[in-house]
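K.L.:
One structure is given below, represented as structure tokens, and several questions about it will come after.
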Amino acid sequence: MKRSFAILVLFMFVFAGVSFAGAAPDKIVIGHPACLSGKYAKAGEQAVGGIKACVDWVNNFNGGVKIGGKKVPLEYKYYDCESKKEAVTSLIGRLITVDKVDVVFAPYSSGLTLRGAPVAESHQMLYMDHGGANNKIFRQGFRSIVQTIGPATSYHMGTLDMIHQIDPDAKKVALAYEDSEFAKMVMEGAKDHAKALGFQVVFERTYPKGVTDLTPLLSALKASKPDFVLGGGHFEDGQLFNRQMADLNINVNALSLIAAATLPAFYKALTTMAEGVMGPSHWEYGVKYSGEEAQATGLPWIGPSQEEFLELFKKATGEDMLPDYHAAEAGAQVLAYVLGAQGADSVDSKKVRDVLGELQFMSFYGGWDVDDSGMQVGHTMVDVQWQDGTRVIVWPEEAQTGKVCYPMPTFQEKVKGAKAVPK
Amino acid sequence: MKQLPKYLPLAPVFAAYVVMFLIAENMEGMWQLMSMLLFYCALGQAFNVFMGMTGYVDFGYVAFLGMGTYGMALSITRLVQYEFLGVWIIVIGFALAMVMSTLLSMAVGAVALRLRGAYFAIATIGVNEGFRFLIEGARIWNGSEGMIFTADLNTILGREAAAALCTYWADIMVLVIAALAASVTLFYMRTKVGYALTALREDEDAAKVMGINVTKFKIIAFITSASLAGLLGATAWALKTPYVFPPEVFEIHYTIEAIIIAMLGGAGTLLGPVVGGLVYGLSKYYLSIFLPGFQLLIFAPVILVIIVLFPEGIVGMLKARTKGTGVERFIV
């Protein structure tokens with residue numbers, strides 16, 4: 001009798017344990033085929049640092065993820081995919097089936113994100129994209145994907161909104177950009193938004209990758225007499241663009257170059273010629289997003305402050321370096337997942353995906369909101385301008401660290417050492 | 001039946017593929033790993049048909065995979081509007097992939113195969129890069145924007161079938177291509193083509209003097225290798241990953257991988273690409289798991305050591321050691 005009773009008690013414990021585990025797991029695991037080597041190594045290293053920093057914040061400052069009435073620790077499992085598509089699928093397969101992760105973070109770039117999507121879909125696994133900006137990812141009918149990085153078409157929207165607001169007389173815009181999948185997508189969005197705001201696109205032309213001379217294109221651009229110019233593609237052509245605009249003395253009210261103007265090396269290469277030049281970025285250290293800002297905009301706030309994120313990032317990487325937008329968007333993705341899991345009170349991918357579809361919040365990275373396809377629509381790009389050798393965030397207003405200098409100094413003024421100073 | 005012993009060396013190759021398939025089917029978490037290993041084996045096997053048998057190193061080999069990828073992508077994106085074609089769109093895609101990679105190989109072969117050694121290698125790199133810039137610069141086939149066609153596949157096959165194609169059937173097709181490449185290799189080895197190729201690999205001038213039409217046999221091997229690459233691109237890239245961006249499908253890195261796999265296993269051998277593909281893929285996979293971020297630092301010297309210790313590749317070494325034993329006839 002005693003023995004039967006003991007077995008019964010044991011069974012009760014076991015079943016209690018099972019049902020308890022069903023309600024709240026012992027840990028929640030984020031899986032990630034990270035790009036730690038190969039062509040995206042730099043972005044991948046930043047992303048891993050950003051994720052580790054935010055996992056640290058969730059566990060040590062937030063006490064874990066609140067599920068089933070208890071706080072569950074978050075764990076981060078990553079492998080190096082070498083920025084290669086073959087490795088991406090094999091590692092996602094392992095993360096889902098062997099490591100039993102609860103969510104998969106996509107690798108960097110649109111191509112690698114696309115590569116992993118069918119595998120995640122086939123396992124009905126939530127797949128979160130922090131490095132694939134191509135809008136077409138979200139036109140393919142994937143059900144489990146959610147984006148944190150803003151889509152490529154949104155890159156220049158802030159720049160256009162800003163100019164529309166501060167200079168109602170500016171009407172003519174010129175678009176000159178690299179012939180690449182990314183730059184084309186960016187400019188497709190810029191063109192549509194420019195037209196919607198009533199701007200006239202007076203010039204549009206692409207140039208090939210690895211271009212060494214832009215003077216024929218820029219001469220034609222000059223003839224179209226634009227009020228401002230949007231262009232670029234990568235660092236090399238971006239600085240060539242700026243340099244040859246100076247050579248040809250093409251003066252416009254504003255010049256915004258993607259992927260180049262936000263880099264410190266841009267100013268180093270061009271010195272005063274870079275004064276007043278702008279560039280869009282997903283995030284820059286110095287943005288003013290905060291709990292107060294969130295309250296003012298009516299959004300819930302989660303996560304570390306920017307300064308806390310910086311410290312956690314340095315701790316995670318073991319290096320005294322600043323996080324860039326790759327780190328911030330990957331970190332913000334951790335926070336989005338935490339809110340999703342807490343909202344669903346579960347780690348079930350479908351339930352969390354449903355909650356993420358409705359979720360709106362603000363973190364140090366800015367706003368977060370996705371549309372029905374999972375594409376990010378709540379995050380606003382920031383616009384950075386070089387002013388006296390410093391990167392100043394000039395747009396949007398809720399993130400800005402200084403006023404914009406508009407119009408920017410002419411190239412003749414810059415030759416004489418003029419600095420971009422807001423009026 | 002008389003022919004059977006001639007093709008006995010295929011037994012270990014097919015056995016390896018069957019074991020891989022069974023592991024993938026029955027062990028949880030192994031499918032995607034096996035899919036990667038199969039890709040490397042197939043890549044090495046297809047590359048080996050030309051490089052291994054002629055000794056010519058084609059640095060532009062990935063261009064044929066790229067053409068195959070484009071063949072399938074074009075078929076899917078352009079024919080999706082003809083609903084009645086259904087699954088035939090995929091069949092047409094394979095045919096187009098073969099035709100496009102074959103045509104490119106004929107064009108390249110007509111010029112580059114007149115060159116030898118470093119000149120041949122440089123010319124083929126030029127073809128690869130040149131073709132990529134042609135697609136981007138002339139904006140053909142959507143230019144630098146490339147094509148993303150998961151949604152088109154969903155339309156053609158239905159969501160469930162398309163998902164199964166990407167995550168299961170595409171891998172099975174890679175297995176079939178790997179087996180096909182191995183069969184073709186052995187067929188060539190056992191016929192006049194193989195003897196001629198061996199002769200020209202050892203001494204092209206001497207082969208010419210002996211009356212062998214070296215150009216003809218080089219072109220045969222080149223086109224065969226290219227069409228297998230086209231099929232592989234159509235399957236492992238276009239069907240498994242329904243997108244194509246020019247910088248990714250013309251990435252020279254894949255040619256380097258093919259060279260490493262062939263050299264590691266044993267260039268010109270039948271079993272070599274399988275062994276090379278397995279050693280290469282498994283080392284990379286497990287190093288990336290246990291030492292993420294440092295695997296290439298470890299992998300590079302390991303490859304160097306293997307190649308220095310076994311200049312004929314792992315299978316080359318095994319061949320030498322098993323000479324005169326019963327195992328000899330299986331290690332070719």
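The values are calculated or read from the model by the stated rules, or taken from the named source; none is laboratory data. Model, not experiment: these values are computed from the prediction. Every residue, glycine among them, receives a Cβ derived from its backbone with ideal geometry; neighbour counts consider all protein chains shown.
Yes/no per residue for (1) of a type in the set (A, V, I, L, M, F, W, C); (2) within 25 Å of B:Thr269 (Cβ to Cβ):
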site: B:Leu43; (1), (2): yes, yes
site: B:Val57; (1), (2): yes, yes
site: B:Gly66; (1), (2): no, no
site: B:Thr69; (1), (2): no, no
site: B:Met72; (1), (2): yes, no
site: B:Gln81; (1), (2): no, no
site: B:Ile92; (1), (2): yes, no
site: B:Ala95; (1), (2): yes, no
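K.L.:
Out of curiosity, is A:Gln239 of a type in the set (S, T, N, Q) and crowded, with 24+ Cβ neighbours inside 10 Å?
P.N.:
yes
K.L.:
Inside the range B:8-113, counting only helices (runs of 4 or more DSSP H) that do not spill past its ends, which hold 1 or more residues that are touching a Lys or Arg at 6+ places or on another chain (Cβ under 6 Å), modelled with pLDDT under 95 and over 26 Å from B:Glu145 (Cα atoms)?
P.N.:
It comes to B:31-54.
For every residue, the table says whether it meets (1) within 14 Å of chain A (Cβ to nearest Cβ); (2) crowded, with 22+ Cβ neighbours inside 10 Å.
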residue	(1), (2)
B:Leu8	no, no
B:Val18	no, no
B:Ile23	yes, no
B:Glu28	yes, no
B:Ser35	yes, yes
B:Leu38	yes, yes
B:Val49	no, yes
B:Gly55	no, no
B:Tyr61	no, yes
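K.L.:
Considering each residue of the range B:222-241, count those that are within 13 Å of the chain's Cα centre (by Cα), facing chain A (nearest Cβ under 10 Å) and not small (Gly, Ala, Ser), and give that number.
P.N.:
1
K.L.:
Separate question: Under 6 Å between Cβ atoms, at least 6 apart or on separate chains: pull out the pairs that start in the range A:327-349 with a residue that is assigned by TED's automatic domain parsing to the domain that holds A:Asp102 and end on any residue that is among the charged types (D, E, K, R).
P.N.:
Matching pairs, first to second residue: A:Gln342/A:Lys66; A:Ala344/A:Lys351; A:Val347/A:Asp102.
Every residue, every condition in (1) in contact with a Ser or Thr (Cβ under 6 Å, 6 or more places away or on another chain); (2) assigned by TED's automatic domain parsing to the domain that holds A:Pro226, yes or no:
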residue	(1), (2)
A:Ile393	yes, yes
A:Pro396	yes, yes
A:Val404	no, yes
A:Pro407	no, yes
A:Ala420	no, no
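K.L.:
What's the number of the only condition in (1) aromatic (Phe, Trp, Tyr); (2) surrounded by 22 or more Cβ atoms within 10 Å (Cβ to Cβ); (3) at pLDDT 95 or above that A:Tyr289 fails to meet?
P.N.:
For A:Tyr289, the failing item is (3).
K.L.:
Are any residues in the range A:361-404 among the aromatic types (Phe, Trp, Tyr) and surrounded by fewer than 23 Cβ atoms within 10 Å (Cβ to Cβ), and if so, which ones?
P.N.:
If the condition is that a residue be among the aromatic types (Phe, Trp, Tyr) and surrounded by fewer than 23 Cβ atoms within 10 Å (Cβ to Cβ), then A:Phe361 is the only one that fits.
K.L.:
Return a yes/no flag: does the range A:262-274 have any residue that is surrounded by 24 or more Cβ atoms within 10 Å (Cβ to Cβ), in a loop (DSSP other than H, G, I, E, B) and either on the phi > 0 side of the Ramachandran plot or touching a helix residue (DSSP H, G or I) at 6+ places or on another chain (Cβ under 9 Å) (or both).
P.N.:
yes
K.L.:
Of the residues that sit in the range A:207-226 and are among the basic types (Lys, Arg) and more than 14 Å from chain B (Cβ to nearest Cβ), which one is surrounded by the most Cβ atoms within 10 Å (Cβ to Cβ)?
P.N.:
Per the stated criteria, the residue is A:Lys222.
K.L.:
Out of B:Thr124, B:Thr102, B:Thr77, I need the residue that is under 30 Å from B:Asp203 (Cβ atoms), touching a Phe, Trp or Tyr at 6+ places or on another chain (Cβ under 8 Å) and of a type in the set (Val, Ile, Thr). Which one?
P.N.:
B:Thr124
K.L.:
Another question, then. What's the total number of residues in the range A:125-145 that are more than 20 Å from the chain's Cα centre (by Cα) and either modelled with pLDDT of 95 or more or small (Gly, Ala, Ser) (or both)?
P.N.:
Of the residues in that region, 2 qualify.
K.L.:
Let me ask something additional. Mind checking which pairs have a first residue in the range A:45-66 that is closer than 15 Å to A:Phe364 by Cα and a second that is among the aliphatic types (A, V, I, L, M) and assigned to a strand (DSSP E or B), Cβ under 6 Å, 6 or more apart or different chains?
P.N.:
A:Val55/A:Leu74; A:Val58/A:Leu74
K.L.:
Mind checking whether some residue in the range A:300-317 is buried (at least 17 other Cβ atoms within 10 Å of the Cβ), closer than 26 Å to A:Ser154 by Cα and among the small types (Gly, Ala, Ser)?
P.N.:
yes
K.L.:
Among the residues of the range A:167-189, what is the count of those that are part of a strand (DSSP E or B) and over 20 Å from A:Leu221 (Cα atoms)?
P.N.:
Residues meeting the conditions: 0.
K.L.:
Within the range A:184-206, is there a residue that is within 11 Å of chain B (Cβ to nearest Cβ) and buried (at least 24 other Cβ atoms within 10 Å of the Cβ)?
P.N.:
no
K.L.:
Those residues that are in a loop (DSSP other than H, G, I, E, B) and either closer than 26 Å to A:Cys405 by Cβ or not assigned by TED's automatic domain parsing to the domain that holds A:Lys42 (or both), I need them from the range A:275-317; list them, please.
P.N.:
Correct list: A:Glu275, A:Gly276, A:Val277, A:His282, A:Trp283, A:Glu284, A:Tyr285, A:Gly286, A:Val287, A:Lys288, A:Tyr289, A:Ser290.
K.L.:
Here's something else I'd like to know. Working carefully through the options B:Tyr168, B:Tyr82, find the one that is of a type in the set (Ser, Thr, Tyr) and either within 14 Å of another protein chain (Cβ to nearest Cβ) or in contact with a strand residue (DSSP E or B) (Cβ under 8 Å, 6 or more places away or on another chain) (or both).
P.N.:
Result: B:Tyr168 is the single residue among B:Tyr168, B:Tyr82 that is of a type in the set (Ser, Thr, Tyr) and either within 14 Å of another protein chain (Cβ to nearest Cβ) or in contact with a strand residue (DSSP E or B) (Cβ under 8 Å, 6 or more places away or on another chain) (or both).
K.L.:
Name the residue that is surrounded by the fewest Cβ atoms within 10 Å (Cβ to Cβ), counting only residues in the range A:172-183 that are away from chain B (no Cβ under 14 Å) and small (Gly, Ala, Ser).
P.N.:
A:Ala174
K.L.:
Quick one: which of B:Val209, B:Val249, B:Val244 is more than 14 Å from every other protein chain (Cβ to nearest Cβ) and either in contact (Cβ under 8 Å) with a residue 60 or more places away in the chain or aliphatic (A, V, I, L, M) (or both)?
P.N.:
From the options B:Val209, B:Val249, B:Val244, the qualifying one is B:Val209.
K.L.:
Let me ask you something else. Could you tell me whether the range B:294-313 includes any residue that is within 14 Å of another protein chain (Cβ to nearest Cβ), free of Cβ contacts under 8 Å to residues at least 60 places away in the same chain and not in a helix (DSSP H, G or I)?
P.N.:
Yes; the residues of the range B:294-313 include at least one that is within 14 Å of another protein chain (Cβ to nearest Cβ), free of Cβ contacts under 8 Å to residues at least 60 places away in the same chain and not in a helix (DSSP H, G or I).
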